[in-house]
1. What pairs can you find where one residue is in the stretch 6-17 and within 15 Å of ARG137 (Cα to Cα), the other is in a loop (DSSP other than H, G, I, E, B) and among the hydroxyl-bearing types (Ser, Thr, Tyr), and their Cβ atoms are less than 8 Å apart, with a gap of 6+ or different chains?
2. Scan the stretch 139-156 for residues that are without any contact (Cβ under 8 Å) to a residue 60 or more places away in the chain, not in a loop (DSSP other than H, G, I, E, B) and not acidic (Asp, Glu) and report the count.
3. For the stretch 59-79, indicate whether the set of residues that are open to solvent by 40 Å² or more (accessible area, probe 1.4 Å) and either touching a Cys at 6+ places or on another chain (Cβ under 8 Å) or of a type in the set (Val, Ile, Thr) (or both) is non-empty.
4. Looking at GLY187 and the list (1) at pLDDT 90 or above; (2) touching a Lys or Arg at 6+ places or on another chain (Cβ under 9 Å); (3) open to solvent by 50 Å² or more (accessible area, probe 1.4 Å), which single condition is not satisfied?
5. Pairs please, first residue from the stretch 33-54 and closer than 25 Å to PRO75 by Cα and open to solvent by less than 40 Å² (accessible area, probe 1.4 Å), second anywhere and among the small types (Gly, Ala, Ser) and not in a loop (DSSP other than H, G, I, E, B), Cβ atoms under 8 Å, 6+ apart in sequence or on different chains.
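The values are calculated or read from the model by the stated rules, or taken from the named source; none is laboratory data. Everything quoted here is computed from the prediction, not taken from an experiment. Heads up, the Cβs are rebuilt from the backbone with ideal geometry, glycines too, and the neighbour counts pull from every protein chain shown. Note: accessible area is taken over every heavy atom of the protein model, side chains too, but ligands, DNA and RNA are not part of it. Shrake-Rupley method; radii C 1.70, N 1.55, O 1.52, S 1.80 Å.
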Amino acid sequence: MAPHRVRVDALAPEMSLGPREARHLHVLRLREGDEVRVFDGRGEEAGATVALLDDLRAVLTLGERLTGAAEMPQPVTLAVALLKGDKLADVVRAATELGAAQIQLLVTRHADAREIGVQKLQRLRRIAEEASKQSRRAVTPEVLAPVSLTGLTWGGHLFVAQPGSTGRLTDRLTWDAPVTILTGPEGGLADAEVAELVGRGAVAVTLGPRILRAETAPVALLGAIVATGV
């Protein structure tokens, strides 16, 4: 059985965890002397030993550094419109598993929601962390607070999912620079929004012959990227 994975702020000879993480280790029935794996969410991973464990804290001692799971040839950012209910949670979980390096939330003209509370944003970040543990990634994507489309900046390539477009992501993806993919809300992006992004250098790409739900489109695009980046 693979060792349990624990997120830490940074790899160090001795790493202290707070009450919440200590309780989690108790739930996993770990004891002093047990082996775990630690990762910092930025690509570093190592073995570790539980040196101390009580109700208030845990102390881990660093072991051998390990090679984390392979990442994409370039960092991939998912820019996704705000969605209602638990749809965003599902998108964040899947995006983490598929290798997104960053998730940027967006407010668009037809967005299902206009804002997101602090607690919900923190929950999305915890979901990304848990998905990193589950998928054995050494990287936890940062979930960024919402910005407007006009406030969105990117480096490298931006691909915008827009039904009716003729461009295909797999034909334009070259892995010579960072990649951002952008998907809209349930009502789609307005033509003017797409035109504004294209005017700034983005490329509109097709999602195929079917109209996908707002929570399905980002997963489909990320899946296509993973297939070209492995």
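1. Close Cβ pairs (under 8 Å, with a partner that is in a loop (DSSP other than H, G, I, E, B) and among the hydroxyl-bearing types (Ser, Thr, Tyr)) amount to ARG7/THR140.
2. Residues meeting the conditions: 5.
3. yes
4. GLY187 satisfies every listed condition except (1).
5. VAL38/ALA46; VAL38/GLY47; VAL38/ALA48; PHE39/ALA46; PHE39/SER132; GLY41/SER132; ALA46/GLY63
Residue by residue, here is whether (1) part of a strand (DSSP E or B); (2) in contact with a strand residue (DSSP E or B) (Cβ under 9 Å, 6 or more places away or on another chain); (3) at pLDDT below 95 holds:
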{"site": "ARG137", "(1), (2), (3)": "no, yes, yes"}
{"site": "LEU158", "(1), (2), (3)": "yes, yes, no"}
{"site": "LEU182", "(1), (2), (3)": "yes, yes, no"}
{"site": "GLY208", "(1), (2), (3)": "no, no, yes"}
{"site": "ALA220", "(1), (2), (3)": "no, yes, yes"}
{"site": "ILE225", "(1), (2), (3)": "no, yes, yes"}
